Amino acid sequence: MKTPIFVFNSLNVERGGLTKAVMKRANILADHYGKVVFFTLAFQQDHKNIIEKLYKSGQLDRRVEVRNYYTDLLHISKVDNPKEASVEVEGFHAIQDKKSKQPAFRYYKDGVYKEYRRFNGDSTLKLIDYMDDSRTRLSRAEYLRDGRLVRTSHMDYITNKPKLHRYLLEDGTCRITVWVNPSGSEGRTILFGEEDVEYDSINHAYAAWIDTAVLEYEAPVIMSDSRKTDETVQLVKADVEKVAVAHNNHFESPYDETAKTKKSWNHFVEGINSFDHVVFLTHEQEKDITSRYRVTTKLHVIPHAAPDTPPAQQAYQPKVAVTLARFEGQKRLDEGIAAFKHVVEKIPDAEYHIYGFGPLEDDLKAQIKRLGLEKNVKLLGFSSDPTASYQSAACTILTSDFEGFGMVLTETLAAGTPAVAYDIKYGPKDIVRDDVDGYLVKKGDQKALADKVVAIMNDSNLRDRLSERATEVIERFSEESFKKDWVEMFGQSYTPSENDKSQEKKRSFFGFGRK
């Protein structure tokens, strides 16, 4: 039996589409394989607690093992037992930083600013920044919730950003030192132990760890789902199968075949034949890659699976549209908001509910105010129940510049809520059937998009017709087909489990499974 191993940067409770997709694939594969594993690479101060939250919430199956480069090498083996820290420090005056989202204080001694301390919500110490007398940050110390000092970062005087990280064992001994380049990327890495080892880059260090870790598993197959991990997987020397998965559009602006390939995809496209298999989410992207590069490895097209059962229908608000997305440039939420101005001109009490988080939140708030849409457009934060969010609305809006597939579209259709989406590379034309379960409009045509939203809001019969066909996406992109494609890609025969058979019976009960 093979062991699927995801080589991934990090997992988190509030996650974007990529993280959500790989966790769902891990959960599905756990039904077939005796062991499914994540090798995560990024340092997360609260790693063990985050993974336990994912297990408890059901977002990650407990049959999926998660290992992390730093927790392995630093011997952090348990969920932290919180140790409350006092705000008061003898000899210092503590002044609260009221702008910080987490409890934080500046510490003064004889009128001189010496330390900045930030605490977690449970009153455990998160970090201490140490200052010189000119208020320049010298270093940062980061702590686990049990009070263990785990990382110190030494700052660059000019940029005020880390120049070197030191990772510490429980007794305070330095186990790992990582140099930080001026660009912010992590470079030269030294691993201290019985035999000290220096690596040219952090990716070489990660690969060496994987070379050892995979020996514990039967017939490992390691997968790179992010362009950040391609080089690491390519550097792995162990006898393993290697798989790369293309989750996003590989073109620079304007994100179509007229553009160059993004630099972040260089390791993928230049080393594509070093992988045993490459998986695309759409045939269109497979064609675009093979028309530009010489590809000799095995290629597969396996789209994301839709949610496996139709949820109970909830009453929707006929004058509400929704979007679930990160607040970042790719999603072009600014265009969705601008388009909604046209909707409000025809339906003054229409509302646009945007669920998500990200760096552009302040920019979006400013745009909403500038357009006078404060009563109509709401930024509602991360949704812990996407199905309920979709079902609350007449339709879902997608205005992204580009996608790899657009998993939000399968999710909204599975919830019975039609979608109005830009026809972009890649995914919408594969998922949304125009005038059947939603609408596709030309990218950037805000007026056309607004007209389709208005039509759905104003015509309950139209909305019902689109909604009735929308849930067919569950069969069109079924979990059973998804699992079968992945198992057979691994070179194994697929036999549906009892769980798969029961899901098929559910689909038949709800009227799906018809050809």
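The values are calculated or read from the model by the stated rules, or taken from the named source; none is laboratory data. Note that the structure is predicted; figures quoted are calculated from it, not measured. Counting neighbours? That spans all protein chains shown, and the Cβs are built from the backbone with ideal geometry, glycine included.
Among the numbered conditions (1) buried (at least 16 other Cβ atoms within 10 Å of the Cβ); (2) touching a Phe, Trp or Tyr at 6+ places or on another chain (Cβ under 9 Å), the only one that residue 382 does not meet is (1).
Please determine, by comparing only the residues of the range 212-248 that are within 24 Å of the chain's Cα centre (by Cα) and of a type in the set (Lys, Arg), which one is farthest from residue 279 (Cα to Cα). Applying the filter and picking the extreme gives 228.
Which of the residues spanning the range 219-268 are of a type in the set (Val, Ile, Thr) and buried (at least 18 other Cβ atoms within 10 Å of the Cβ)?
Initial filter on the range 219-268 (of a type in the set (Val, Ile, Thr)): 221-222, 229, 232-233, 236, 240, 243, 245, 258, 261.
Correct list: 221, 222, 229, 232, 233, 236, 240, 243, 245.
I need the strands (runs of 3 or more DSSP E) fully contained in the range 272-336, keeping only those with at least 3 residues that are touching a strand residue (DSSP E or B) at 6+ places or on another chain (Cβ under 9 Å) and closer than 20 Å to residue 408 by Cβ. Before you say what the answer is, go through the steps one by one.
Numbers: elements: 277-280, 298-301, 317-324.
It comes to 317-324.
Can you tell me which residue is nearest to residue 490 (Cα to Cα) among those in the range 194-218 that are touching a strand residue (DSSP E or B) at 6+ places or on another chain (Cβ under 7 Å) and surrounded by fewer than 16 Cβ atoms within 10 Å (Cβ to Cβ)? Here the residue is 218.
Within the range 410-417, does at least one residue satisfy the condition of being assigned by TED's automatic domain parsing to the domain that holds residue 382, under 27 Å from the mean Cα position of the chain (by Cα) and either acidic (Asp, Glu) or surrounded by fewer than 18 Cβ atoms within 10 Å (Cβ to Cβ) (or both)? Before you say what the answer is, go through the steps one by one.
Applying the first criterion (assigned by TED's automatic domain parsing to the domain that holds residue 382) to the range 410-417 yields 410-417.
Okay, now just the ones that are also under 27 Å from the mean Cα position of the chain (by Cα), so 410-417.
Subset that is either acidic (Asp, Glu) or surrounded by fewer than 18 Cβ atoms within 10 Å (Cβ to Cβ) (or both): 411.
Yes: one or more hits.
The residues listed here are 234, 285; of these, the one that is of a type outside the set (A, V, I, L, M, F, W, C), farther than 24 Å from residue 488 by Cβ and modelled with pLDDT of 95 or more is 234.
From the list 231, 198, 194, exactly one residue is without any contact (Cβ under 8 Å) to a residue 60 or more places away in the chain and in a helix (DSSP H, G or I). Which is it?
Numbers: 198 fails: in a helix (DSSP H, G or I); 194 fails: in a helix (DSSP H, G or I).
Being without any contact (Cβ under 8 Å) to a residue 60 or more places away in the chain and in a helix (DSSP H, G or I) holds for just one of 231, 198, 194, which is 231.
Among the residues of the range 290-327, those identified as at pLDDT below 95, closer than 24 Å to residue 431 by Cβ and surrounded by fewer than 17 Cβ atoms within 10 Å (Cβ to Cβ) are 309, 311, 312, 313, 314.
Across the range 111-155, the number of residues qualifying as of a type outside the set (D, E, K, R), surrounded by fewer than 18 Cβ atoms within 10 Å (Cβ to Cβ) and part of a loop (DSSP other than H, G, I, E, B) comes to 6. Do you know which residues across the range 435-454 are surrounded by fewer than 18 Cβ atoms within 10 Å (Cβ to Cβ) and at positive phi? Hits for the range 435-454 are 435, 444.
Residue count for the range 375-412, restricted to those that are in a helix (DSSP H, G or I) and of a type in the set (A, V, I, L, M, F, W, C): 4.
Going through the range 63-109 one residue at a time, which ones are in a strand (DSSP E or B), closer than 30 Å to residue 25 by Cβ and acidic (Asp, Glu)? Selection gives 65 alone.
Given the residues 243, 214, 279, which is the only one that is among the aliphatic types (A, V, I, L, M), closer than 22 Å to residue 37 by Cα and touching an Asp or Glu at 6+ places or on another chain (Cβ under 7 Å)? So that I can check it myself, show each step before the final result.
Details: 214 fails: touching an Asp or Glu at 6+ places or on another chain (Cβ under 7 Å); 279 fails: touching an Asp or Glu at 6+ places or on another chain (Cβ under 7 Å).
The unique qualifying residue is 243.
A quick yes/no check of all residues on (1) at pLDDT below 95; (2) out of contact with any helix residue (DSSP H, G or I) (no Cβ under 6 Å at 6 or more places or on another chain); (3) surrounded by fewer than 18 Cβ atoms within 10 Å (Cβ to Cβ):
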residue: 40; (1), (2), (3): no, yes, no
residue: 52; (1), (2), (3): yes, yes, yes
residue: 68; (1), (2), (3): no, no, no
residue: 72; (1), (2), (3): no, yes, yes
residue: 77; (1), (2), (3): yes, yes, yes
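If you go through the range 51-74 and pick out every residue that is farther than 17 Å from residue 8 by Cα and hydroxyl-bearing (Ser, Thr, Tyr), you end up with 2.
Looking for something farther than 22 Å from residue 233 by Cβ, in contact with a Ser or Thr (Cβ under 8 Å, 6 or more places away or on another chain), among the small types (Gly, Ala, Ser) and in contact (Cβ under 8 Å) with a residue 40 or more places away in the chain - is there at least one such residue anywhere in the range 148-162? The answer is no, given that none of the residues of the range 148-162 is farther than 22 Å from residue 233 by Cβ, in contact with a Ser or Thr (Cβ under 8 Å, 6 or more places away or on another chain), among the small types (Gly, Ala, Ser) and in contact (Cβ under 8 Å) with a residue 40 or more places away in the chain. Output the residue which, of all residues in the range 385-401 that are touching a Leu at 6+ places or on another chain (Cβ under 7 Å) and over 18 Å from residue 335 (Cα atoms), is surrounded by the fewest Cβ atoms within 10 Å (Cβ to Cβ). This residue is 386.
May I ask you to list the residues in the range 272-287 that are surrounded by fewer than 21 Cβ atoms within 10 Å (Cβ to Cβ) and either of a type in the set (Phe, Trp, Tyr) or touching a residue at least 12 places away in the same chain (Cβ under 8 Å) (or both)? Before you say what the answer is, go through the steps one by one.
The initial filter retains those residues of the range 272-287 that are surrounded by fewer than 21 Cβ atoms within 10 Å (Cβ to Cβ), namely 273-274, 276-277, 283-284, 286-287.
Those that are surrounded by fewer than 21 Cβ atoms within 10 Å (Cβ to Cβ) and either of a type in the set (Phe, Trp, Tyr) or touching a residue at least 12 places away in the same chain (Cβ under 8 Å) (or both): 273, 274, 276, 277, 283, 284, 286.
Taking the residues in the range 1-55 that are charged (D, E, K, R) and in a loop (DSSP other than H, G, I, E, B) as candidates, determine which candidate is nearest to residue 162 (Cα to Cα).
First, the residues of the range 1-55 that are charged (D, E, K, R): 2, 14-15, 20, 24-25, 31, 35, 46, 48, 52-53.
Among the residues that remain, those that are also in a loop (DSSP other than H, G, I, E, B) are: 2, 14-15, 31, 35, 46.
Working: 2: 40, 14: 25, 15: 25, 31: 43, 35: 38, 46: 19 Å.
My answer is 46.
In the range 89-118, the residues that are in the same structural domain as residue 129 (by TED's automatic domain parsing) and polar (S, T, N, Q) reach residues that are surrounded by fewer than 11 Cβ atoms within 10 Å (Cβ to Cβ) and not in a strand (DSSP E or B) with C-beta atoms within less than 9 angstrom, at least six apart or across chains, in these pairs: 102/121.
Residue 350 - would you say it is crowded, with 17+ Cβ neighbours inside 10 Å and touching a Cys at 6+ places or on another chain (Cβ under 6 Å)? The answer is no for residue 350.
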